[in-house]
Amino acid sequence: MKRHQRSIARSVGLGLCAALISGALPAQAEPSAAEKAAAEALFDGALDLMKQGRNAEACPRLEQSYRIDPGIGTLLYLAECYEKTGRTASAWATFRQAMSESRASGQAERSRKAQARAARLEPLLSKLNVSVAAEDAAIEGFSVRVDGKPLERPLFGIAMPRDPGEIAIEASAPGHETWTTTVKLGDSKAEANVEVPPLKKLAAPPTAPPEAPRSAASPAEPPAPPRSAAPSAESGGDTTRLLGLIVGGAGVVGLGVGTFFGVKAISKNGDAEDYCKGGSTCEDRRGVTLTEEASSAATVSNIAFGVGAAAAVGGAVLYFIVAPRQTSRVQVGPIVGARNVGLLVGGTFE
């Protein structure tokens, strides 16, 4: 099986710019050797099942393999598995994800193939359109769930690609009866339109009878406990500065982690070139593994740099600008382990 090598150095630079402009997603810890072995076993077993035509059994294995050790190759096979089992919307979305990740990692050929597969599926997508009554939308706490997952308000009245099959829809709001329905979405270009009617209000609970007037002989009610004093401005300053130190310290740790994984990505890419002669394709399994490890390290580096830079700036703003000054003694230090990073904060305020 051939896999194109990744252009790691270019990925690190472009990924850092993207993280600073659009924000970064939470980083995923690098899998251990045992986890990588499990992901490879799941991947190989899934391919064997697909060759036998047992795609329904193969898809969950590919999903688990990707969760353990994300790779573009796994993502492309997962999209193909979804397509073969009739889950056209899932296949379309996964091909688009593979296209985006391939483009970000410099794998132009894979990006073009994923884009072509997604474009071929798009005209065949079945869609679900859920609209709600204006009275419902005005209720505070009103929500709609599709197959148990929340449907965001901006998607009300929008035709959304969905996998064919039965779809459960539920609408609820505080103080109102819950409304449910089930629709069956057909294959290939089918469309289901669901209108959520105005929800019925629940019957009001009976009111408690008025309390009888207290007689003169009745014992007096105990005095209400004194209210605690509101926190002072100095206490608020302490909290704000402590938060600034924590955020800034996390930023420093993020920058350090980004540097570590950036160097690691470039190093692993160099090691992969020893197994993948020619620069464009790789026949050696070890080379493929090294390039995927390099890509994962590059992704972590990009994300850590973005989060670190943003946290460092935010911490400085909180500590030096937002919080009022006050004498304090605080110590902040990073904790870096084999598979995790953290921050140790301690000290006193006077």
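Annotations
- Unique match (being at pLDDT 95 or above and of a type outside the set (A, V, I, L, M, F, W, C)) among GLY71, GLY53, GLY23, GLY15: GLY53
- Residue match in the stretch 149-158 (condition: among the basic types (Lys, Arg), modelled with pLDDT of 95 or more and within 17 Å of LEU199 (Cβ to Cβ)): no
- Test set (1) at pLDDT below 95; (2) within 27 Å of ALA41 (Cβ to Cβ) - ARG61 fails condition number: (1)
- Set side by side, the residues LYS127, LYS189 differ, and just one is at pLDDT below 95, within 19 Å of ALA93 (Cα to Cα) and either surrounded by 11 or more Cβ atoms within 10 Å (Cβ to Cβ) or not hydrophobic (A, V, I, L, M, F, W, C) (or both), which is LYS189.
- Qualifying residue in the stretch 73-88 (condition: outside any helix (DSSP H, G or I) and either in contact with a helix residue (DSSP H, G or I) (Cβ under 8 Å, 6 or more places away or on another chain) or open to solvent by 60 Å² or more (accessible area, probe 1.4 Å) (or both)): yes
The values are calculated or read from the model by the stated rules, or taken from the named source; none is laboratory data. Everything numeric here is computed off the predicted structure, so don't read it as measured data. Neighbour counts run over all protein chains shown; Cβ positions are idealised from the backbone, glycine included. With ligands, DNA and RNA removed, areas are computed over all heavy atoms of the protein, side chains included. Shrake-Rupley method; radii C 1.70, N 1.55, O 1.52, S 1.80 Å.
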